[in-house]
Amino acid sequence: MARLPPGPHRLPRELVRENQRRRILEAALDVFAERGYVATTVKDLIRVARVSRATFYEAFADKEACMDALHAEVLARLAQQVGAAVATPADWDAKVRTAVARAVGLLADNPRLAAVCAVEAPASRIPSVRARHERVVGELCRALRDGRVGPRGKELPEILEPALVCGAIYLVGRSIACGEGRDAGALGSELAELMLIPYAD
């Protein structure tokens, strides 16, 4: 996010505030990914964003509110791009492969996003962040349950989808955000196959 020029200018106050808010969120993305939410302070955020403490508190009530806004924005960005990617494939298997590949690719392109949604959010004690994370997990589980067709589908354990989704989130966090394990291309392909195996005829 480009910084507005210092000193007096004629820009609308709303535009200035939005620019400052965007800079704070961008700084939060950097700092939360590098240091983790718990270790980060408001002082860290205003230093990296290059705003005053007063400006920070004009935009956010506290560090929790900043994390909440950042998490919501990251998920909205991912949902929009993954949703667009899966609009074309017709069959369920292809949609799963496309969704996993696109999501992993997006996170690999910007590991800071993976740190927020695959490392920080699952462990968050912020009620709104935790609730949003659990809602996303639930939506992904319901999408996977569409693969339960025929007698085979009825035999699958109820814990299957939560185990697949939460396991995938953990692996994405370790591999991309923490730099451990498989490269993004192999990870996306292997996760998709792992998710499809239980539903195979």
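Quick notes
- Relative contact order, percent, segment 90-201 [alpha-carbon distance under 8 Å, six or more residues apart]: 42
- The relative contact order of segment 12-119 comes to 29 percent, based on Cα pairs under 8 Å that sit 6 or more residues apart.
- Taking Cα atoms only, the orientation of helix 160-172 departs from the longest principal axis of the chain by about 50 degrees.
- Entry note, the chain: relative contact order of 21 percent, from Cα contacts under 8 Å with a spacing of 6+ residues.
- DSSP-assigned coil residues among GluC sites (Glu not before Pro) in segment 118-186, each with at most 11 further Cβ atoms within 10 Å: GLU158, GLU180
- Per the Kirkwood formula applied to alpha carbons, the chain shows a radius of gyration over Rh ratio, Rg over Rh, of 1.05.
- The chain: calculated mean residue ellipticity at 222 nm from DSSP helix runs of at least 4, using -39500 (n - 2.57): -21500 deg cm²/dmol
- Förster radius 22 Å - calculated FRET efficiency between ARG148 and ALA84 (Cβ-Cβ, nearest 0.05): 0.25
- Estimated from the Cβ-Cβ distance and a Förster radius of 41 angstrom, the FRET efficiency linking ALA94 and ARG125 is about 0.60.
- Across segment 73-132, the volume of the C-alpha convex hull divided among the residues equals 85 Å³ per residue.
- Local net charge near LEU113, Cβ-Cβ under 14 Å (Lys/Arg +1, Asp/Glu -1): -3
- Here segment 149-181 is scanned for amide nitrogen atoms under 20 Å from the site 7 Å beyond the Cα of ARG77 along Cα-to-Cβ, giving 169-170, 172-179.
- Each residue, ARG47 and ARG135, gets one label point 7 Å from its Cα in the Cβ direction; the gap between the two is 3.4 nm.
None of the figures in this text is laboratory data; all of them are computed from the coordinates on show. Quick caveat, the model's predicted, so the values are computed rather than measured. All Cβ positions, glycine included, derive from the backbone under ideal geometry; neighbour counts span all protein chains shown.
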